[in-house]
Amino acid sequence: MRSLFLTLAFSTALCAGTPTTWAAPEGAVQNALLVLPAQGLEVDLKSGDVTRKGVTGQCLETVSKAGSNLLVVAKNSGDDKPTVSVDGMIRDLGGPAQEGARLGTIRLARDGSLVHMRTWKTGDKQTELLQESVVRLTFKRGTLAKLLRFTETQALLLVTRPGEPARLIRHKRGAGGLVSKEPEVLLDFAGCVPERVLVRGDVLWARMECADTDTAGIYRIDLTTGSIESPVMTSETADFMTLPRADRPDGEAVLTVSGSPSGINFYYAVNGLLAAQTGEVRACSSDAEGLQSWNQSYRLRALASLFEKTGDSVFAALARKSMRLTLAAQDGVNGRTSNQNPSCGWSSTIYATNNNDRMTLMINQAMIANSLAKACKALGGGCPVELANRIAGTQACLANEYEPDFDPTVGLYRINKDIDFRFKGSIAPWNWQVSMAALLKDLSDPALSARGRSVVKGFYDEWSADENGALFRYWPKAAFEDRDGSPSKRAGERFEDTGHAGISLLSAAEFPDLMTGDHIAALKSREDFLLTFGAATPRDLDGAGPAGPRWFPAGGWSSVPSEAFKKRFSGPVPGVQSADTVFAYANLFDPDADFQLILSIHGCTDVCALHKTYKYDSWQAFFNGNPFFEFRPAALPIASKP
């Protein structure tokens with residue numbers, strides 16, 4: 001094992017080779033530190049450094065202690081996988097065998113044993129638990145497995161298999177401390193769907209919805225009996241929260257939120273940006289796992305949107321850090337340029353059939369480049385010239401890179417025929433086409449700008465409708481004709497799913513003059529239809545396919561919101577802290593509307609009692625005093641709180 005010396009200068013070790021930080025514009029950040037007292041975490045908004053438990057880095061994802069052991073998870077700019085160290089010694093999570101899988105939760109036990117989760121995007125698409133880089137547990141495709149706790153004696157997981165209720169599963173550690181393959185069911189959730197759970201000894205706290213209740217609630221479950229009784233609190237906004245020791249109530253701290261739509265939108269947007277992935281710590285990532293295209297791009301858009309609406313320098317500072325590190329993750333900077341991977345792109349590994357292959361897919365590039373351009377434009381003078389030039393150069397480079405894939409006979413782009421991809425050579429899906437059109441929109445070449453508009457017009461030309469509003473498909477009509485020329489196959493093809501539809505709508509919104517009143521009305525009707533299913537949204541626009549929270553409309557759907565959509569987002573929605581949902585809240589926030597926000601903290605045991613209430617009549621008031629974060633001048637060190 002290689003040794004990693006951890007000090008307050010940890011960022012120097014982990015960020016070697018990172019391009020020089022572009023300074024924020026003079027006076028851009030009045031209070032230079034963003035501080036989360038309950039987590040002992042601070043972010044220097046000028047340098048971008050994140051500090052926790054004496055460790056500092058630009059992209060410090062985790063710092064936690066298990067007994068006397070210290071776990072640190074961090075990335076350099078452009079890293080596919082994080083560097084994981086325990087007590088200063090780097091731990092291998094699987095090496096090349098890890099390529100092609102998404103890394104999940106990492107946990108360290110007091111005895112120094114390390115486990116982590118990973119999910120494959122290719123092959124059998126299984127989820128695995130590894131202990132010391134050796135697979136101990138395997139969960140088949142479609143199974144949701146979440147690691148809750150790992151100790152010297154056991155691993156606790158929340159497991160939901162297709163068509164079955166969620167279960168709390170224990171795998172004991174046997175001889176040699178190895179996680180046993182034999183599961184022990186501690187709790188069957190039956191008709192309840194847990195959204196978040198906490199284990200406190202023999203008590204499990206759960207935020208969940210049950211078949212016999214009208215709304216979500218907080219449940220206290222005694223694991224010695226395994227009986228689910230009535231909730232101790234019923235509220236769709238109730239959720240657990242962490243407070244500094246001095247501020248904690250008796251029992252488990254539970255927060256409820258109420259207020260006007262503007263207040264609620266701002267709260268969930270800001271909570272998702274400043275209290276989760278605090279300091280944009282995923283911005284160092286390559287796009288190997290899609291973290292740039294499907295996480296950071298939405299977070300950057302959300303930061304830019306809130307800066308446009310509030311003018312607050314905090315959002316601009318974090319957006320600049322995000323842009324700087326995303327550009328530092330490009331393949332050219334990291335020595336990954338090849339015939340198929342241009343220097344201006346961000347290649348992925350999760351869709352490759354060979355673990356060593358990297359692919360620069362057009363959709364991923366457009367998502368990343370479009371978010372960079374959108375954010376730089378929103379920041380105006382707050383986007384440094386160096387950043388603006390790099391972004392403009394990236395757009396032009398990508399347009400040139402994909403020019404050979406444009407098919408003038410159909411007026412659409414094809415997927416590169418020379419890559420190891422299932423659909424290579426095919427006419428690309430609509431979400432690829434419309435996203436690329438948005439990239440072309442602001443280029444200096446008028447022919448390319450005109451092409452972008454033509455692509456979006458073609459997208460709208462293939463829309464249809466039923467009594468519930470707009471319908472369109474994943475593949476353009478030309479893609480079906482190109483494959484076998486069979487009209488019957490297109491007629492039998494399912495309609496677009498809500499996730500990819502949101503991607504298309506995100507970029508279609510960049511062409512407001514092409515979106516007619518009829519388009520808008522049809523989209524709003526479709527949103528209203530999808531929302532009638534509650535949290536268990538069907539996959540496809542027409543209501544077909546499997547249903548579940550993962551299909552809840554967010555992201556680009558927020559660009560054309562119906563009244564029902566706005567109302568639904570005036571409270572928590574499924575995946576409330578996922579990047580596309582955080583963006584939707586930011587996109588919906590209206591700074592000119594009435595702002596009311598009430599945060600109520602409760603202490604829960606067998607019952608819940610009100611502990612403290614915060615009331616705000618402006619977003620500025622919320623920023624100036626809330627239980628989650630605060631801003632301090634850089635001269636003041638972070639207070640040490642247990």
Note to self: Here is a check on your reading of the model: is G142 outside any strand (DSSP E or B) and in contact with a Pro (Cβ under 8 Å, 6 or more places away or on another chain)?
What the structure shows: yes
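For (1) among the aliphatic types (A, V, I, L, M); (2) closer than 26 Å to S347 by Cα; (3) in a loop (DSSP other than H, G, I, E, B); (4) at pLDDT 95 or above, each residue gets a yes or a no:
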| site | (1), (2), (3), (4) |
| --- | --- |
| T56 | no, no, no, yes |
| V63 | yes, no, no, yes |
| N76 | no, yes, yes, no |
| R102 | no, yes, no, no |
| T122 | no, yes, yes, no |
Check: Pairs, please: C-beta under 6 Å, at least 6 apart or cross-chain, first residue small (G, A, S) and in region 193-208, second at pLDDT 95 or above and in a strand (DSSP E or B)?
Finding: A206/V197; A206/Y219
Margin query: Quick test for you: out of V63, V43, pick the one residue that is open to solvent by less than 30 Å² (accessible area, probe 1.4 Å), in contact with a Ser or Thr (Cβ under 8 Å, 6 or more places away or on another chain) and not small (G, A, S).
Written below: V43
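So which helices (runs of 4 or more DSSP H) are wholly in region 560-642 and hold at least 3 residues that are open to solvent by less than 50 Å² (accessible area, probe 1.4 Å), modelled with pLDDT of 95 or more and out of contact with any Gly (no Cβ under 7 Å at 6 or more places or on another chain)? Break it down stepwise before answering.
Working: elements: 563-568, 579-588, 619-624.
It comes to 579-588, 619-624.
State yes or no: is N400 in a helix (DSSP H, G or I) and either in contact with a Lys or Arg (Cβ under 6 Å, 6 or more places away or on another chain) or free of Cβ contacts under 8 Å to residues at least 24 places away in the same chain (or both)? So that I can check it myself, show each step before the final result.
Values: in a helix (DSSP H, G or I): yes; either in contact with a Lys or Arg (Cβ under 6 Å, 6 or more places away or on another chain) or free of Cβ contacts under 8 Å to residues at least 24 places away in the same chain (or both): yes.
Answer is yes for this residue.
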Notebook entry, point to check: Got a sec? Which of S444, S504, S464 is over 28 Å from the mean Cα position of the chain (by Cα) and either basic (K, R) or within 30 Å of A373 (Cβ to Cβ) (or both)?
Noted result: S444
Next item on the list: Report yes if some residue within region 419-441 is open to solvent by 10 Å² or more (accessible area, probe 1.4 Å) and assigned to a strand (DSSP E or B); otherwise report no.
Entry: no
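Name the one entry in V385, V410 that is of a type in the set (A, V, I, L, M, F, W, C) and either free of Cβ contacts under 8 Å to residues at least 12 places away in the same chain or surrounded by 22 or more Cβ atoms within 10 Å (Cβ to Cβ) (or both). Spell out how you get there, then give the answer.
Details: V410 fails: either free of Cβ contacts under 8 Å to residues at least 12 places away in the same chain or surrounded by 22 or more Cβ atoms within 10 Å (Cβ to Cβ) (or both).
Unique residue meeting the criteria: V385.
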Next item on the list: Assess whether S305 counts as being in a helix (DSSP H, G or I), in contact with a helix residue (DSSP H, G or I) (Cβ under 9 Å, 6 or more places away or on another chain) and either open to solvent by 10 Å² or more (accessible area, probe 1.4 Å) or not β-branched (V, I, T) (or both).
Entry: yes
Next item on the list: Scan region 438-464 and report the pairs whose first residue is under 16 Å from L514 (Cβ atoms) and whose second residue is part of a loop (DSSP other than H, G, I, E, B) and of a type in the set (G, A, S), with Cβ atoms within less than 6 Å and a gap of 6+ or a chain change.
Entry: S454/G411
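When only residues in region 177-190 that are assigned to a loop (DSSP other than H, G, I, E, B) and more than 20 Å from D239 (Cβ to Cβ) count, which is most open to solvent (accessible area, probe 1.4 Å)? Let's see the steps before the verdict.
Step one: of region 177-190, the residues assigned to a loop (DSSP other than H, G, I, E, B) are 178, 180-183, 189-190.
Filter once more, so that each one left must be more than 20 Å from D239 (Cβ to Cβ): 178, 180-183, 190.
Working: L178: 82, S180: 36, K181: 111, E182: 133, P183: 82, A190: 68 Å².
This residue is E182.
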Next item on the list: Search region 191-219 for residues being open to solvent by 40 Å² or more (accessible area, probe 1.4 Å) and over 23 Å from S258 (Cβ atoms), and hand back the single one that is modelled with the lowest pLDDT.
Entry: D212
Checklist line | Selection count where residues are open to solvent by 10 Å² or more (accessible area, probe 1.4 Å) and closer than 20 Å to L318 by Cα, scope region 66-76 | finding: 1
Next item on the list: Answer yes or no: is there a residue in region 126-138 that is under 30 Å from D222 (Cα atoms), free of Cβ contacts under 8 Å to residues at least 24 places away in the same chain and more than 25 Å from the chain's Cα centre (by Cα).
Entry: no
Check: Only one of (1) at pLDDT 95 or above; (2) assigned to a helix (DSSP H, G or I) fails for A465. Which number is that?
Finding: (2)
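Taking the options S293, S313, S343, name whichever one is of a type in the set (S, T, N, Q), touching a residue at least 12 places away in the same chain (Cβ under 8 Å), within 23 Å of L60 (Cβ to Cβ) and open to solvent by 10 Å² or more (accessible area, probe 1.4 Å). Before the answer, list the steps.
Numbers: S293 fails: open to solvent by 10 Å² or more (accessible area, probe 1.4 Å); S343 fails: within 23 Å of L60 (Cβ to Cβ).
S313 is the lone residue from the list that is of a type in the set (S, T, N, Q), touching a residue at least 12 places away in the same chain (Cβ under 8 Å), within 23 Å of L60 (Cβ to Cβ) and open to solvent by 10 Å² or more (accessible area, probe 1.4 Å).
Go through region 432-453 and give me each residue that's touching a Gly at 6+ places or on another chain (Cβ under 6 Å) and farther than 15 Å from A509 by Cβ. Spell out how you get there, then give the answer.
In the first step, residues of region 432-453 are kept if they are touching a Gly at 6+ places or on another chain (Cβ under 6 Å); the result is 437, 440-441.
Scanning region 432-453 gives a single hit, L440.
The values are calculated or read from the model by the stated rules, or taken from the named source; none is laboratory data. The shown structure was predicted, so the numbers you read here are calculated from the model rather than taken from an experiment. Using ideal geometry, Cβ is built from the backbone for each residue, glycine included, and neighbour counts are taken over all protein chains shown. Keep in mind that these areas ignore ligands, DNA and RNA; they rest on the heavy atoms of the full protein, side chains included. Shrake-Rupley method; radii C 1.70, N 1.55, O 1.52, S 1.80 Å.
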